[in-house]
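Visitor: Below is one structure. I have some questions about it.
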Amino acid sequence: MHLAHEVLIEAAPEALWRLLWDVPRMAACVPGCGEAEEVTRHQTYRARMTQKVGPISLSVPLVVEILAAEPPGRLVLSASGRDPVVGTDIAMRVTLDCAPDGAGTRLHIGAEGQVLGKLGALGHSVIQRKAEEAMDEFGRRLARAARS
Amino acid sequence: MLRPFALYRPTTLPEIAALLRKYGDEAALYAGGTELLLLMKEGLVRPRVLVDLKRVAGLGELAASDGAVNIGATVQHRTVERSVVVGAHCPLVAGVARHVANARVRAAGTVGGNLAFADPHSDLATLFLVFDARVSLWSGDGEREVPLDEFVRGPYETVRRDDEVLTAVRLRPAASGGAGAYLKFGVYERPTLGVAVVLVLDAQRRRVSEARLALGCIGPRPQRLSHLEQRLRGMLVDELAAGRADLTGSGMDAISAATDLHGSADYKLEMAQVFTRRALRVAAARATHQVIDARYPYTVVV
Amino acid sequence: MPGIPTPSLSSITLTVNGQRVALEVPTHVLLLDVLRDRLDLKGAKRSCDMQVCGACTVLVDGTPVSACSYLAVEADSREVLTVEGLGTPDALHPLQQAFVDHGAVQCGFCTSGMLLSAKALLDEQPRPTEADVLHHLRGNLCRCTGYRKIVDAILACAAGSATAA
């Protein structure tokens, strides 16, 4: 599964980076993502991803690892976990690239990975659609959070 | 094996509302169970309460009034298939109901359950679009009617709130003189592509005066092909019957399709054009009482 | 564990192969398990477990049903027919005899489902066309025979019944 999204944030790259680097606060901008907590600062975090696909509820305890951090431009992280109730594994690699754009920042979000198991069997298109919606909303919430 | 649950069998809608209020998302509405029990076996949904709709009077009715056909939510596909009312007003619906899944699923599965589950591969959800279908939703707070087009939002997703019950669907067949066809293509248990068409001819019976087209299975939800419908207006029906429908500029390449087990997005878009042309050919031939050979591999022609 | 409901037991009375049976079953038990485990009727098989293959087909009030996906409590006050009720080794049902005569049985796994689906068809349509038979058997899968002999057997049985006493 590949996703890409771009959003213009009304904040300088350094200001946006402060938000992104505050990983629990950044995670709170991901729809369905909650209970974010730090395990090892700037290295490992935990969170829980909750989503509904039709009548099916997904709840995945995620381990988030920071793979690369190049302030104020680039953040790469991995998020993975398993929902044993629904028998589904998620493994994603997310890249956040910040580039100055006028007075603001152009944020490019890239995500790739897979959803395996029973929910994956529902069809790639269903998962892709959900993920794209989540990514759009993530961009919107980040933009709002960066302005405040 | 299913996980244990309590089964309630109310006989009125207010009782259902009370049960849904009491149990919230621990409860699941149940009629034929053809999708629900499968999900429960997989552990994908784990309701602790099932609310059986089959004993609620009124949900199982099938009647015509004012040119519209009302199908209650708990009416089984098999009943639709054999219904004299459906056969008289919209025989295409009876024909498509005859080909839903298999005989056992048709005996148990319901129209309401099918629409409420919103499987992107549903034949009925595609077909009903060309009958301007409207879905009735009842809750303790009131009733509303939603066009089917708006009711289905995406794969397995509808606008039905958790406290609402889908009670019926209303179909409005086209004015008399319309001819229709439904083509369903695929090799798997669920179809890969479904095309529904209804054509109404002008008074001279030479040109199309109204066209209704719906495409299902390949995108996140079934959709009416309104651009193509407009282009078809005025077209010579003999051209369509000869398979010479010109689909360029009809917006068919803008349809959303996703690559999955049924095929690549490109393949699906190409097949959408192929089968739309074929469906138009069948409908046009029927409208002009021509006999044509409409046999295509792995395709059910209704 | 908190919150797990006590399985609610239901008393049901059904007729199975002509015999009245009274049972106490939890609401979540499937008809297939009642038939196979409680009543020792092993003819219906669990195969796909999702209503696709037809190996679990039984007739409830004459209508074909996937026993793997049919709650036992739904059979209360109804008549269930399994392959064991179709005929006996000494007195085969005409359909069973036709299957034997036409070599329509190989491993036998699909056979009970095929027979009962065919019976439901012939009870409603005594003289089906080949297209009718193929349509009606769409939900019954066979991995062995290639279907030809099954269809021939059913058509022969239908034709034979016109001359049967």
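The values are calculated or read from the model by the stated rules, or taken from the named source; none is laboratory data. These numbers come from a predicted model, not from an experiment. Cβ coordinates were reconstructed from backbone atoms using ideal geometry, including for glycine residues, and neighbour counts include every protein chain displayed.
Visitor: Going residue by residue through the range B:276-287, is there one that turns out to be part of a helix (DSSP H, G or I), among the β-branched types (V, I, T) and in contact (Cβ under 8 Å) with a residue 24 or more places away in the chain? Steps first, answer last, please.
Guide: The first filter runs over the range B:276-287 and keeps only residues part of a helix (DSSP H, G or I), leaving B:276-287.
Then drop every residue that is not among the β-branched types (V, I, T), which leaves B:276, B:282.
Those left that are additionally in contact (Cβ under 8 Å) with a residue 24 or more places away in the chain: B:276, B:282.
Yes, because at least one residue in the range B:276-287 is part of a helix (DSSP H, G or I), among the β-branched types (V, I, T) and in contact (Cβ under 8 Å) with a residue 24 or more places away in the chain.
Visitor: Anything in the range A:70-79 that is crowded, with 16+ Cβ neighbours inside 10 Å and either in a strand (DSSP E or B) or among the small types (G, A, S) (or both)? List them, or say none. Give the derivation first.
Guide: Step one: filter the range A:70-79 for residues crowded, with 16+ Cβ neighbours inside 10 Å, giving A:72, A:74-77, A:79.
Hits for the range A:70-79 are A:R74, A:L75, A:V76, A:L77, A:A79.
Visitor: Applying the selection to the range A:89-104, what residues are touching a Lys or Arg at 6+ places or on another chain (Cβ under 6 Å) and surrounded by 15 or more Cβ atoms within 10 Å (Cβ to Cβ)? Spell out the reasoning first.
Guide: From the range A:89-104, those touching a Lys or Arg at 6+ places or on another chain (Cβ under 6 Å) are A:89, A:97, A:99; that's our starting set.
Passing the criteria: A:D89, A:D97.
Visitor: Out of (1) within 14 Å of chain B (Cβ to nearest Cβ); (2) among the aliphatic types (A, V, I, L, M); (3) more than 17 Å from the chain's Cα centre (by Cα), what's the single condition that is false for A:L116?
Guide: (1)
Visitor: Same structure, new question: Which condition number in (1) assigned by TED's automatic domain parsing to the domain that holds C:T13; (2) outside any loop (DSSP other than H, G, I, E, B) is the one that C:S77 fails?
Guide: (2)
Visitor: List, please: which pairs have Cβ atoms under 7 Å, are six or more places apart or on different chains, and start with a residue in the range B:46-59 that is more than 10 Å from chain C (Cβ to nearest Cβ) and touching a residue at least 24 places away in the same chain (Cβ under 8 Å) and end with one that is of a type in the set (S, T, N, Q) and assigned to a loop (DSSP other than H, G, I, E, B)?
Guide: Matching pairs, first to second residue: B:L53/B:T74; B:R55/B:T11; B:V56/B:T11; B:V56/B:T12; B:A57/B:T11; B:L59/B:T74.
Visitor: Let me ask another. Can you name the residue in the range B:27-45 that is of a type in the set (A, V, I, L, M, F, W, C) and within 19 Å of the chain's Cα centre (by Cα) and, of all such residues, is nearest to the other protein chains (Cβ to nearest Cβ)? Don't jump to the end; show me each part of the working.
Guide: Taking the range B:27-45 first, the residues of a type in the set (A, V, I, L, M, F, W, C) are B:27-29, B:31, B:36-40, B:44-45.
Filter once more, so that each one left must be within 19 Å of the chain's Cα centre (by Cα): B:31, B:36.
Numbers: B:A31: 11, B:L36: 8 Å.
Per the stated criteria, the residue is B:L36.
Visitor: Answer yes or no: is there a residue in the range B:72-85 that is touching a His at 6+ places or on another chain (Cβ under 9 Å), hydroxyl-bearing (S, T, Y) and surrounded by 22 or more Cβ atoms within 10 Å (Cβ to Cβ).
Guide: No, the range B:72-85 contains no residue that is touching a His at 6+ places or on another chain (Cβ under 9 Å), hydroxyl-bearing (S, T, Y) and surrounded by 22 or more Cβ atoms within 10 Å (Cβ to Cβ).
Visitor: Test of understanding: among A:V86, A:V53, which residue is within 30 Å of B:G154 (Cα to Cα), touching a Phe, Trp or Tyr at 6+ places or on another chain (Cβ under 7 Å) and surrounded by 17 or more Cβ atoms within 10 Å (Cβ to Cβ)?
Guide: Numbers: A:V86 fails: touching a Phe, Trp or Tyr at 6+ places or on another chain (Cβ under 7 Å).
The conditions single out A:V53.
Visitor: Among C:V65, C:V52, C:V25, which is the only one that is closer than 21 Å to C:R138 by Cβ and either in the same structural domain as C:L121 (by TED's automatic domain parsing) or not in a loop (DSSP other than H, G, I, E, B) (or both)?
Guide: On the way: C:V52 fails: either in the same structural domain as C:L121 (by TED's automatic domain parsing) or not in a loop (DSSP other than H, G, I, E, B) (or both); C:V25 fails: closer than 21 Å to C:R138 by Cβ.
Result: C:V65 is the single residue among C:V65, C:V52, C:V25 that is closer than 21 Å to C:R138 by Cβ and either in the same structural domain as C:L121 (by TED's automatic domain parsing) or not in a loop (DSSP other than H, G, I, E, B) (or both).
Visitor: State all residues of the range A:32-62 that are over 18 Å from A:G113 (Cβ atoms) and not in a strand (DSSP E or B); if no residue qualifies, say none.
Guide: Answer for the range A:32-62, where residues must be over 18 Å from A:G113 (Cβ atoms) and not in a strand (DSSP E or B): A:R41, A:H42, A:Q43, A:G54, A:P55.
Residues checked against (1) away from every other protein chain (no Cβ under 14 Å); (2) within 16 Å of the chain's Cα centre (by Cα); (3) farther than 17 Å from C:L32 by Cα:
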site: C:A72; (1), (2), (3): no, yes, no
site: C:L95; (1), (2), (3): yes, yes, yes
site: C:H102; (1), (2), (3): yes, no, yes
site: C:V105; (1), (2), (3): yes, yes, yes
site: C:L121; (1), (2), (3): no, yes, yes
site: C:H135; (1), (2), (3): no, no, yes
site: C:R138; (1), (2), (3): no, yes, yes
site: C:D152; (1), (2), (3): yes, no, yes
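Visitor: Can you find, within the range A:119-148, the residue that is farthest from B:S264 (Cα to Cα) among those that are among the basic types (K, R) and surrounded by fewer than 18 Cβ atoms within 10 Å (Cβ to Cβ)?
Guide: Initial filter on the range A:119-148 (among the basic types (K, R)): A:129-130, A:140-141, A:144, A:147.
Pick out the ones that are also surrounded by fewer than 18 Cβ atoms within 10 Å (Cβ to Cβ) and you get A:140-141, A:144, A:147.
Values: A:R140: 31, A:R141: 33, A:R144: 37, A:R147: 41 Å.
Only one residue tops the list, namely A:R147.
Visitor: Moving to a separate point now. Are any of the residues in the range C:39-49 buried (at least 18 other Cβ atoms within 10 Å of the Cβ), of a type in the set (A, V, I, L, M), within 24 Å of B:A6 (Cα to Cα) and within 14 Å of chain B (Cβ to nearest Cβ)?
Guide: no
Visitor: Give, as residue ranges, the helices (runs of 4 or more DSSP H) completely inside the range C:83-141 that count at least 1 residues that are acidic (D, E) and surrounded by fewer than 13 Cβ atoms within 10 Å (Cβ to Cβ). Reasoning before the result, please.
Guide: Values: elements: C:94-101, C:111-124, C:130-136.
Hits in the range C:83-141: C:111-124, C:130-136.
Visitor: Of the residues C:A55, C:A67, which is in contact with an Asp or Glu (Cβ under 9 Å, 6 or more places away or on another chain), closer than 28 Å to B:R46 by Cα and of a type in the set (G, A, S)?
Guide: Working: C:A55 fails: in contact with an Asp or Glu (Cβ under 9 Å, 6 or more places away or on another chain).
None of the other options fit; the residue is C:A67.
Visitor: Taking the range B:100-142, which residues are within 14 Å of another protein chain (Cβ to nearest Cβ), among the hydrophobic types (A, V, I, L, M, F, W, C) and more than 26 Å from C:V133 (Cβ to Cβ)?
Guide: Of everything in the range B:100-142, those that are within 14 Å of another protein chain (Cβ to nearest Cβ), among the hydrophobic types (A, V, I, L, M, F, W, C) and more than 26 Å from C:V133 (Cβ to Cβ) turn out to be B:L115, B:A116, B:F117, B:A118, B:A125.
Visitor: Answer yes if at least one residue in the range A:116-139 is closer than 15 Å to A:A15 by Cα and in contact (Cβ under 8 Å) with a residue 60 or more places away in the chain, and no otherwise. I'd like the intermediate steps shown before the answer.
Guide: Step one: filter the range A:116-139 for residues closer than 15 Å to A:A15 by Cα, giving none.
Looking for residues that are closer than 15 Å to A:A15 by Cα and in contact (Cβ under 8 Å) with a residue 60 or more places away in the chain, one finds none in the range A:116-139, hence no.
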